[in-house]
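Throughout, read-outs are computed from the coordinates displayed, never taken from laboratory work. Predicted model only: the values in this text are computed from it and were never measured. Here the Cβ positions follow ideal geometry from the backbone for every residue, glycine too, while neighbour counts run over all protein chains shown.
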Amino acid sequence: MDEHEVKRIQTGLESIAVRAGGIVVRGAGQARKVTHKGRIDLVTETDFAVEEMLKDELAALLPGSDFLAEETASSTEPGELTWIIDPVDGTTNFANGLPFVATSIALWQRDRVVLGVVNLPLLGELFSVREGGGALLNGAPVTVSTEGAMEQALIATGFPYAIEEHLEPILDRLKAVLPRVQGVRRVGAAALDLAYVACGRYAGFYESALRPWDTAAGWLLVREAGGRVTEYDSGKDYSLGAGTILATNGLVHRELSRLICGG
């Protein structure tokens, strides 16, 4: 795809994301039917409604594209041209009436994410990004924060659903990070966390055991906003589906990596 075609698709994607957000807003105002994929891993009818709508409209926007979507994925490997979708990131928030909910959509082409959106419909914020085109929030350019001092850095993290399997290392990392930073936040929606790094609200974010649909759009947002994205080990570039992710403004990256790696 040439640049003109990518821009056309980006415009269409933004419009589709806004319409999908309408489904989320309407669902938030109704009684929610919740089922369990795991002990604390929830899914609602809104997740399925948004995913179905996105597949229909994105297929029309870009004929021939494939899908890697949370609620219907049979693998975690994208194809040559693939939409990577999390219809409702933060389903537990949504089910409990909290507004920290994101719809994340990214377009994967061959070996990288080329454009994406993270829509926060209950907060009225649409983040959009195109490779080489910068990161936008409601149409205005955004950049990562300029905070370089760890003691002034607000950091975000998240916890995996299989918390019992990860509890000790999570607590070890919190013990290392909490005394060194301004604060640690846990919102419960990785796409939102990455978008907040991109627009400078957080200096950094780290989490383990995420899936491609959690990170694909936010990964590109942070990079295009001037930040850095690696695995917990800052010497390892992040790749889609990696077991850990560390996204920062770049200025606190090495120090935060050292803390969470136990160095």
Checklist outcome for this item: Calc'd 3J(HN,Hα), the stretch 224-240, phi into Karplus 6.51 cos²θ - 1.76 cosθ + 1.60 (θ = phi - 60°), Hz, glycine/Pro = x, comes to 6, 8, x, x, 10, 9, 9, 6, 3, 6, 5, x, 10, 4, 5, 10, 4
Item to check | Coarse-grained scattering of the chain at q = 0.07, 0.08, 0.15 Å⁻¹, given as base-10 log I(q)/I(0) from a Debye sum over alpha-carbon atoms | outcome: -0.22, -0.29, -1.05
Next on the checklist: Run the numbers for residue 11 and residue 151: contour at 0.36 nm per residue of separation, minus the present Cα-Cα distance, in nm.
Outcome noted: 46.4 nm
Checklist entry - Using alpha carbon centroids, what distance separates the stretch 75-112 and the stretch 45-74, in Å? => result 10 Å
Checklist outcome for this item: Here D for the stretch 3-142, in µm²/s, from Stokes-Einstein with a Kirkwood Rh over Cα pairs at 20 °C and 1.002 mPa s, works out to 140 µm²/s
Checklist entry - Do you know the relative contact order of the stretch 127-231, to the nearest whole percent, from alpha carbon pairs under 8 angstrom that are 6+ apart? => result 39 percent
Item to check | Computed label-point distance, nm, for sites residue 45 and residue 233 using a 7 Å Cα→Cβ extension | outcome: 4.8 nm
Next on the checklist: With +1 assigned to the C-beta of every Lys and Arg and -1 to the C-beta of every Asp and Glu, and no other charges, what is the dipole magnitude of the stretch 108-263 about the Cα centre in debye, to the nearest 20?
Outcome noted: 240 debye
Checklist entry - 222 nm [θ] for the chain, helices only, -39500 (n - 2.57) per DSSP H run of 4+, per residue, to 500? => result -11500 deg cm²/dmol
Item to check | Nonlocal amide H pairs with residue 236, under 5 Å, H built at 1.01 Å | outcome: 231
Checklist outcome for this item: Given backbone amide H placed at 1.01 Å from N, residues whose amide H is under 5 Å from that of residue 81, ignoring those fewer than 5 places away on the same chain, are 66, 110
Checklist entry - HN-Hα J couplings of the stretch 118-135 from phi, Karplus 6.51/-1.76/1.60, θ = phi - 60°, integer Hz, Gly and Pro as x? => result 10, 9, 10, x, 7, 10, x, 10, 10, 9, 9, 8, 9, 3, x, x, x, 9
Next on the checklist: From the phi angles alone, apply the Karplus equation (6.51, -1.76, 1.60; θ = phi - 60°) to the stretch 138-153 and give each ³J(HN,Hα) in whole Hz, x where the residue is Gly or Pro.
Outcome noted: 6, x, 9, x, 10, 9, 5, 5, 9, 6, x, 9, 4, 5, 10, 8
Checklist outcome for this item: A correct fewest-to-most ranking of 55, 7 by other Cβ atoms within 10 Å would be 7, 55
Checklist entry - Arranged by the count of other C-beta atoms within 10 angstrom, fewest first, what order do 4, 253, 166 take? => result 4, 166, 253
Next on the checklist: Check which residues have an amide H placed less than 5 Å from residue 202's amide H, if you skip close sequence neighbours.
Outcome noted: 197
Item to check | Cα-based equivalent ellipsoid, the stretch 150-260: semi-axes from gyration tensor eigenvalues, Å | outcome: 18, 17, 13
